[in-house]
Every structure is written in structure tokens, then in C-alpha cells.
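Undergrad: Okay, here's the structure, questions in a sec.
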Amino acid sequence: MSDDLPKLIETDGNPAPGNHVVGWFKGVGGKRLRYAIFKSDVSVAGGTVVLLHGRNECIEKYYETIRHFTARGLWVVTFDWRGQGLSERLLKNPLRGHLRRFRDLESDLSIFLETIVLPETRLPFCMVAHSMGALVALSMAPKLANRIERMALIAPFVELSNQPVPIWVTRLVTRMMRMVGLGWLSSGKDRFPGPFEGNALTTNIDRYARNQALYLAHPELRLGPPTVCWVNEMLGAIDRATRFEHLDQIHVPTLLIGAGNDPIVAPQAVESLANRFRAGSAVMIDGARHEILQEADRYRLSALAAIDAFIPADQTPEPAADAVTQSG
């Protein structure tokens, strides 16, 4: 990659929040990863939200959510996972959503916490994570007790739901393909841009169009379908992170937020996880699809209200209205 300075991308209807710092940090193996810190305008910050994205997401997709937290007097710190956004890609074809080892994501997050979050932001730290990012947080949670006060995991990727074949078949086939050196192959066809009708992500056409426009204008931010290796690594991580033995080691208070109409992670999977998770409790957003923070206001604001209530009230000022609102 070139040595250009990192930047945030803006599009019509999606301006970057002010008062921010953008930089690079080196993840495991020397991969260059883009991060950003968004500071609140209040003189004394109430703490910092560590915001973790899902697959095929980037910092720009969360500007609206970032404004919500900074309006509360919190800072937000976030980064693009390896292989996506403007962080270093992992294959010659940059559109292939690849991952060699799930533990690389955990290592990148650990480096991020130690080298960026701890020295450059404000205590206390809470973690808000979506989908794949929530799975990474869940997997790392036993090691986060002394660093993260609370976690909110939104539509956590703890099950690959509604698949045409049983998961054990997918696990076996992807493992065999990796063994013969085909882990780099794509697991499906790239159908971008997709129509709003029938999409699995949101019922809000304005936010859906905003995100599609971002990727159309800046294809360097986008990913296509995941590779065989990515799928196999995720299935292994799901198995490990949802075992009772793992969950029993988690002492960070955790709020699980499930989407009631999620075709990617069935709401029953989130409820089942909460029932086996002593440190966790679940809130279901009935009617919402997978990307709750990109949803219609009636779903999105319910999720944000649950998160606001979960973050201790004495750490932050009274919640303020979103700086940017869209019809729901």
C-alpha cells in the first residue's frame, strides 16, 4: 500500500462528524489498518465507545451512529478490520472478503486497544459491536474484563441461519477446500448493487440507498462475497465462542440485541445464547432486520435507547437527540 495519509470519505447526505482524528496502526503481521477517533464537544468526556463493525462495513457507514454517541458526551473510537474498508486487503483481488485466521481479528483488536484506545481516548471504555465484530468481542470477552466496562453486541454473528444445506455440510466442504488450497475462492457471486426489495439488512430505504451510494461512489470501501476460508474460520469461531465453558469465563456485563426479523442470524440464536450466558441479557427488536443501526427509526432508536440505558447513567450526560435523523 502507498504511504498516503489516512482519510475519511464523505458523500452527499453522509458527511463525516467533526472533531476527529484519523490514522493508521499496524495489526498483526504488519497489516496497515485505518482507525478514527471522534471526540465529543463536551469539555469532559463521559467515556469512550469502542465501535466494532460487521463484515463488509467501514467507518463511513457509522457516521450517524457516531453522532448519536458523541452527542451524549462520549468519544467514539473505531477501525476498519483487516481486509475491508480502507485497511490493507488480503488478496490480489481486493473485492474478495478473505480471512486467513480468525485469531488475526482478535490480535488486531488487542493491538488496537493497547496502542490506540488506552493511550489516546478517555476512560471508561464500553464496546458496541455489530455482527462479525460482535463475534470477535464475544470470543475475546474473557480477556477484556480489566479493559472494557460493558459490551453491547448487536445482531451478534453466533449462527449462520437459513442456509440451503446443514451447517455441518458447509463446515466439512469448506474445510476440505482449504486443505486442497482453495480457501481463497469466493463462496458466492457478487450481486452488488442489490435491490432494496427483499434485502436482508434493513427496512429503511433511505439508509439502504445511502450505504449503496457510498459503495458505488467509492468501490475501494466495498467487499464482495466472503471466501471459503472466511466462512470456515467464522464457523469455527462460532463453535468456540458459544460453548458454555467459554461463556462461563466472561465477566464483562453484556447486552445482546437481537433483530426479530433477521434472516442472517435468527433471533432464536441470540435468545439461546443469552439463556446460557450468565453475564449476558438479551433485548429483541421485533421487526428489525440484521443491520439494526441502519434500520428504520422505530427499530434503530429502540436499540440505541437500550444501549444508552445499559451504559451507566453516571458516566454520561443526558442523552441528546441525534444530530442527523431520517424518517423511519
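The values are calculated or read from the model by the stated rules, or taken from the named source; none is laboratory data. Please read all numbers here as calculations on a predicted model, not as lab measurements. FYI the Cβ positions are ideal-geometry reconstructions off the backbone, even for glycines, and counts take in every protein chain you see.
Undergrad: Can you spot a residue in segment 2-25 that is in a loop (DSSP other than H, G, I, E, B), of a type in the set (Ser, Thr, Tyr), without any contact (Cβ under 8 Å) to a residue 40 or more places away in the chain and more than 18 Å from Leu221 (Cβ to Cβ)?
TA: No, that holds for no residue.
Undergrad: Still on this structure: Give me the pairs: first residue in segment 179-191 and of a type in the set (S, T, N, Q), second residue part of a loop (DSSP other than H, G, I, E, B) and exposed (fewer than 10 other Cβ atoms within 10 Å of the Cβ), beta-carbon distance under 8 Å, and six or more apart or on different chains, which are they?
TA: Hits for this filter: zero, empty list.
Undergrad: At negative phi and in contact with a Phe, Trp or Tyr (Cβ under 6 Å, 6 or more places away or on another chain), is that true of Val49?
TA: yes
Undergrad: Exactly one of these conditions fails for Ser139: (1) of a type outside the set (D, E, K, R); (2) in contact with a Ser or Thr (Cβ under 8 Å, 6 or more places away or on another chain); (3) buried (at least 17 other Cβ atoms within 10 Å of the Cβ). Give me its number.
TA: (2)
Undergrad: Take segment 1-39 and flag every residue that is of a type in the set (Val, Ile, Thr) and either closer than 11 Å to Tyr63 by Cα or out of contact with any His (no Cβ under 7 Å at 6 or more places or on another chain) (or both).
TA: Ile9, Thr11, Val21, Val22, Val28 - these are the residues of segment 1-39 that are of a type in the set (Val, Ile, Thr) and either closer than 11 Å to Tyr63 by Cα or out of contact with any His (no Cβ under 7 Å at 6 or more places or on another chain) (or both).
Undergrad: Identify, from the list Gly183, Gly188, Gly194, Gly198, the residue that is more than 22 Å from Ser302 (Cα to Cα), modelled with pLDDT under 95 and in contact with a Cys (Cβ under 6 Å, 6 or more places away or on another chain).
TA: Exactly one of Gly183, Gly188, Gly194, Gly198 is more than 22 Å from Ser302 (Cα to Cα), modelled with pLDDT under 95 and in contact with a Cys (Cβ under 6 Å, 6 or more places away or on another chain), namely Gly183.
Undergrad: Output the residues belonging to segment 227-276 that are without any contact (Cβ under 8 Å) to a residue 40 or more places away in the chain, hydrophobic (A, V, I, L, M, F, W, C) and in contact with a Lys or Arg (Cβ under 9 Å, 6 or more places away or on another chain).
TA: Within segment 227-276, Phe244, Leu247 qualify.
Undergrad: Which residue out of Lys26, Lys92 is touching a Leu at 6+ places or on another chain (Cβ under 9 Å) and surrounded by fewer than 19 Cβ atoms within 10 Å (Cβ to Cβ)?
TA: Selected residue: Lys26, the only one of Lys26, Lys92 that is touching a Leu at 6+ places or on another chain (Cβ under 9 Å) and surrounded by fewer than 19 Cβ atoms within 10 Å (Cβ to Cβ).
Undergrad: Here are Val173, Val231, Val169: which of them is under 20 Å from Arg103 (Cβ atoms) and assigned to a helix (DSSP H, G or I)?
TA: Matching residue, one of Val173, Val231, Val169: Val231.
Undergrad: To continue, here is another question. Across segment 192-226, which residue is surrounded by the fewest Cβ atoms within 10 Å (Cβ to Cβ) among those that are in contact (Cβ under 8 Å) with a residue 60 or more places away in the chain and of a type in the set (Asp, Glu)?
TA: Checking each candidate, the answer is Glu220.
Undergrad: Quick check: is even one residue across segment 191-206 in a helix (DSSP H, G or I) and touching a helix residue (DSSP H, G or I) at 6+ places or on another chain (Cβ under 9 Å)?
TA: Among the residues of segment 191-206, not one is in a helix (DSSP H, G or I) and touching a helix residue (DSSP H, G or I) at 6+ places or on another chain (Cβ under 9 Å), which makes the answer no.
Undergrad: While we're looking at this one, here's another question. Of the conditions (1) on the phi > 0 side of the Ramachandran plot; (2) in a helix (DSSP H, G or I); (3) not hydroxyl-bearing (Ser, Thr, Tyr), Ile116 clears all except one; give me its number.
TA: Going through the list (1) on the phi > 0 side of the Ramachandran plot; (2) in a helix (DSSP H, G or I); (3) not hydroxyl-bearing (Ser, Thr, Tyr), Ile116 breaks only (1).
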